[in-house]
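Peer 1: If you scroll down you'll find the structure; I have some questions about it.
Derivation of every value follows stated rules applied to the coordinates shown; laboratory data play no part. Owing to the predicted nature of the structure, the values given are computational and were not obtained by experimental measurement. When we count neighbours, we look across all protein chains shown, and the Cβ atoms used for this are built from the backbone with ideal geometry, even at glycine.
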Amino acid sequence: MTPEPITIATDVLVIGSGAAGMYAAIEAARGGAQVLLADRSLIGRGGATVMAQMTVAAALGEETPDSPQHHYDDTIAAGRGLCDEKLSQLLCEDAPDCIRELEHWGVGWARKDGHITATTAPGHDRPRCVYVDFINTGPAVSKTMRTVMARNAAIRKSGDLCVVDLMISGGECAGAVAYHLGSGAPVIIAAKATVLATGGLTRLYRRNSASANMGGDGYALALRAGATLIDMEFVQFFPIGHLAPRLIGMDPIMWDPFRYKLGGRLLNGRMEEFTSRYGSDEDGKYVLTRDLASYAIFKEVEAGRGSPHGGAYLSFTHCTPEALREAFGPVIDRLAANSIDLTRMAVEVAPIAHYHMGGVKADAGMATDVPGLYAAGEVVGGANGANRLSGNALTEAFVFGRRAGRSTAERAKRMARPSPRAQDAAAAVALIGAEAGAVQANAADLVARLQATMAEGVGPIRTGAKLQRALADIATLAAEHGERPAGRAAPFDLERLEWFDLRNMLVVAKSVAAAALARSESRGAHQREDFPAMLPQWKLHQSVRLADGALRIAGAPAGVAALAS
Amino acid sequence: MSSIAKLKVWRGTARDAGRWDTFEVPFEPGQSVLDGLRWIRIHCDPSLAMRFSCINANACKECMLQVDGETVYACTARLEPRHMTVTPLPNKKLFRDLVTEIAPPSERFK
């Protein structure tokens, strides 16, 4: 028996409460809109922002002269010819203003001699990456934004609200259909404008650096609503994710700040330096971009020169205990609690799914090609091309979130609240309350198998044969997943939640694998062993759309001009 | 020698009408209680309800519950090769199994 849907009306619906969603909510409210901020997890706690321990790239130029043009040049160069120029430009131009606004709200950016201080991250030509402290930047930002929202009565917040589908009425997005995890009841949200701020897709991979709820929901919602995705083949792997020994209470990308401060040595299983074999000498410094470092580690493992758990060693044994303690303070104690003594041992690291360059196609106002539907943050595709620079992820969350908030407030002023017809929500409402099928697959097991499939076949180093095998496996998993949800419409039925998760993950996984199979070249995060060269004719974006239940992949010319040179 | 952690987990949707399920989880040194609960969901019972988001970083603070009567984060509490009792937070509204209402009032669905 399906519970009666609860209906809510708002001006602006924001889906996802990381930094992009929260900035969009704050900015839309500032523009006069009533906002509902919905998250399937708790507000400001799931997603990637709270996991972002490190830095934010912005050309503040307080310590070292800098300008958005320099930041832009580095972003374009790292993107390997595939950045969507207008988005990269917006990212770099608006970044300093957002950093200053966040400081005004209470984010305590680290300062030295009265200036906001910045560090040099790989791929940046000068110190440009600001931080709160080396482990807490994301949580500090998240906390501040939650406090700003708490003071604003125009922003209504709801955690435990899982969006199942966007609601399309008369060709425009009129809100979404969700369900409340606490009761299982369907919730129809009518909105003048909707912002997807759902983050990336790292949950598709077995080893990943983000939250368990980053299964690519926004890409799937966009596809089913008729919007276009671009660059789906470009998944960024963070090269030095923690691999062994088992370490709890720490983010697996925790070695990044150590490398910023102390360099560290990346060694293969024979304790030899190896990155020079792949054209990049590290020389004890942290300069290698993420795509090159991931490639080098994978190739060493493949050649039989990996560390025992199948990665590389990261060693700080050349540093004194004092230097380590000075750089990392209490983190050293947390490592000791995990029986790790950096003065005596190297740890094992390996590439780990970290970020998605591809995503929803949006214009400079963050509008998608479905009227009324906007996107913000990592879910947007194009700003970072084929490879993202360190520090640009939180930046795009802030900049694109703010811009989306502004655009939605403007749209909200122009139009009356939509009155979606019952039939616009009917299919999603029926799915939410559906009786389970007779045979129920174990959704948690299906997720684990999908993650294994993606790790093995659609990682950073690809071949046509491996991608085809992955696509076949995804089709098998989709058949097991079936058309009818597992579990029941009841409070916190995780089988049902995971069935809906998989419904999204499967179509997104297929988009990534199919786009990767189509791109017969190597570029940035997409490396094809059967097509090792980067080809000028491939300097274009592929788009993915869903039409009559089938994915359609198409090419389009890239908007990148000679500015990169 | 392979060792086992025995997790006795409280199940149910009402405090006065629950039951106990005991799961045997393969133990490896260094694991967290959350590792054990996630293993159970994949290999034994996907209906086991719990909150977690960041998995390992202790950043999201969603996985609060009680182990042997003490309030902990499941992601930082060590799994041990012995009997361990896992229960929901006692002083919060219960949804199901290990899931309780831990959001501030202004951030809940109303």
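Peer 1: Rank these for me by crowding, B:33, A:301, A:195, going from fewest to most other beta carbons within 10 Å.
Peer 2: Working: B:33 25, A:301 20, A:195 33.
Sorted ascending by nearby Cβ count, the order is A:301, B:33, A:195.
Peer 1: While we're looking at this one, here's another question. If I model a spin label at residue A:472 and residue A:93 as a point 7 Å from the Cα along the Cα→Cβ vector, what separation in nanometres do I get?
Peer 2: So the two model labels end up 5.0 nm from each other.
Peer 1: Which entries in the list A:157/A:261; A:510/B:92; A:157/A:413 go over 31 Å, if you measure between the two C-alpha atoms of each? List each step's numbers first, then the result.
Peer 2: Details: A:157/A:261 38 Å; A:510/B:92 41 Å; A:157/A:413 21 Å.
Checking Cα-Cα distances, A:157/A:261; A:510/B:92 exceed 31 Å.
Peer 1: OK, next. Specify whether the C-alpha gyration tensor of the protein assembly as shown places it in the rounded, prolate or oblate class, a ≥ b ≥ c being the square roots of the eigenvalues: rounded for a/c under 1.5, otherwise prolate if a/b is larger than b/c and oblate if not. It would help to have the intermediate numbers written out before the result.
Peer 2: Details: a/c = 1.34, a/b = 1.09, b/c = 1.22.
Cα axes put the protein assembly as shown in the rounded bin.
Peer 1: Further question on the same structure: Would you work out if the range A:357-500 is rounded, prolate or oblate? Take a ≥ b ≥ c from the square roots of the eigenvalues of the alpha-carbon gyration tensor; rounded if a/c is under 1.5, else prolate when a/b is larger than b/c, oblate otherwise.
Peer 2: Values: a/c = 2.46, a/b = 1.17, b/c = 2.10.
Oblate, since a/c reaches 1.5 and b/c is not below a/b.
Peer 1: Further question: If we count every other residue with Cβ under 14 angstrom of residue A:470's Cβ, Lys/Arg +1 and Asp/Glu -1, where does the sum land? Intermediate results must be reported in sequence, preceding the final value.
Peer 2: Details: positive: A:206, A:449, A:462, A:466, A:469, A:510, A:528; negative: A:233, A:456, A:473.
It works out to a net charge of +4.
Peer 1: Moving on. Tell me, how many Å apart are the Cα centres for the range A:452-512 and for the range A:229-265?
Peer 2: Taking the Cα centre of the range A:229-265 as reference, the centre of the range A:452-512 is 24 Å away.
Peer 1: Next question. Give me A:415, A:51 ranked fewest to most by other Cβ atoms within 10 Å of their Cβ, as a rough exposure proxy.
Peer 2: Details: A:415 12, A:51 27.
In increasing order of surrounding Cβ atoms, one gets A:415, A:51.
Peer 1: I've got another one for you. Of A:361/B:61; A:192/B:61; A:192/B:110; B:61/B:93, which pairs sit farther than 27 Å apart, going by alpha carbon to alpha carbon? List each step's numbers first, then the result.
Peer 2: On the way: A:361/B:61 33 Å; A:192/B:61 33 Å; A:192/B:110 20 Å; B:61/B:93 17 Å.
Those over the limit are A:361/B:61; A:192/B:61.
Peer 1: Rounded to the nearest 0.05, what FRET efficiency is calculated for residue A:336 and residue A:244 with R0 set to 25 Å and r the Cβ-Cβ distance?
Peer 2: Numbers: r = 17 Å, r/R0 = 0.67.
FRET efficiency, residue A:336 to residue A:244: 0.90.
Peer 1: How much length, in nm to one decimal, is gained on full extension between residue A:479 and residue A:270, taken as 0.36 nm per residue of separation minus their Cα-Cα distance?
Peer 2: 70.8 nm
Peer 1: Which far-off residues, 5 or more places away or on another chain, put their amide H under 5 Å from the one on residue A:243, with H placed in the peptide plane?
Peer 2: Placed amide hydrogens put A:348, A:349, A:350 under 5 Å from residue A:243.
Peer 1: Taking the DSSP beta bridges in the protein assembly as shown as the whole, what percent of them are antiparallel, to the nearest 5?
Peer 2: Working: 64 of 92 bridges.
So the antiparallel bridges in the protein assembly as shown amount to around 70 percent.
Peer 1: Taking the DSSP beta bridges in the range A:23-160 as the whole, what percent of them are antiparallel, to the nearest 5?
Peer 2: Numbers: 5 of 9 bridges.
So the antiparallel bridges amount to about 55 percent of the total.
Peer 1: What's the extension gain from residue A:317 to residue A:64 if we count 0.36 nm per residue and subtract their Cα-Cα distance?
Peer 2: Values: separation 253, 0.36 × 253 = 91.08 nm, distance 3.18 nm.
Using 0.36 nm per residue and subtracting the Cα-Cα distance, I get 87.9 nm.
Peer 1: Further, regarding this structure: Between residue A:112 and residue A:325, what is the label-to-label distance in nm when each label sits 7 Å out along the Cα-to-Cβ direction?
Peer 2: The modelled label-to-label distance comes out at 2.3 nm.
Peer 1: Right, here's the next one. Once you order the gyration tensor axes a ≥ b ≥ c over the Cα atoms, which shape class does the range A:442-565 get: rounded for a/c under 1.5, otherwise prolate or oblate by comparing a/b with b/c? Present the calculation step by step, with values, prior to reporting the outcome.
Peer 2: On the way: a/c = 2.64, a/b = 2.03, b/c = 1.30.
Because a/c hits 1.5 or more and a/b exceeds b/c, the range A:442-565 counts as prolate.
Peer 1: Same structure again: Take the Cα of residue A:309, step 7 Å along the line toward its Cβ, and report every residue of the range B:31-55 whose backbone nitrogen sits under 11 Å from that point.
Peer 2: Only B:31 fall inside the zone, counting backbone N under 11 Å.
Peer 1: Using Cβ contacts closer than 10 Å as the measure, can you line up A:189, A:168 from fewest to most? Mind showing how you got there, number by number?
Peer 2: Numbers: A:189 26, A:168 21.
Final ranking by Cβ density, sparse to dense: A:168, A:189.
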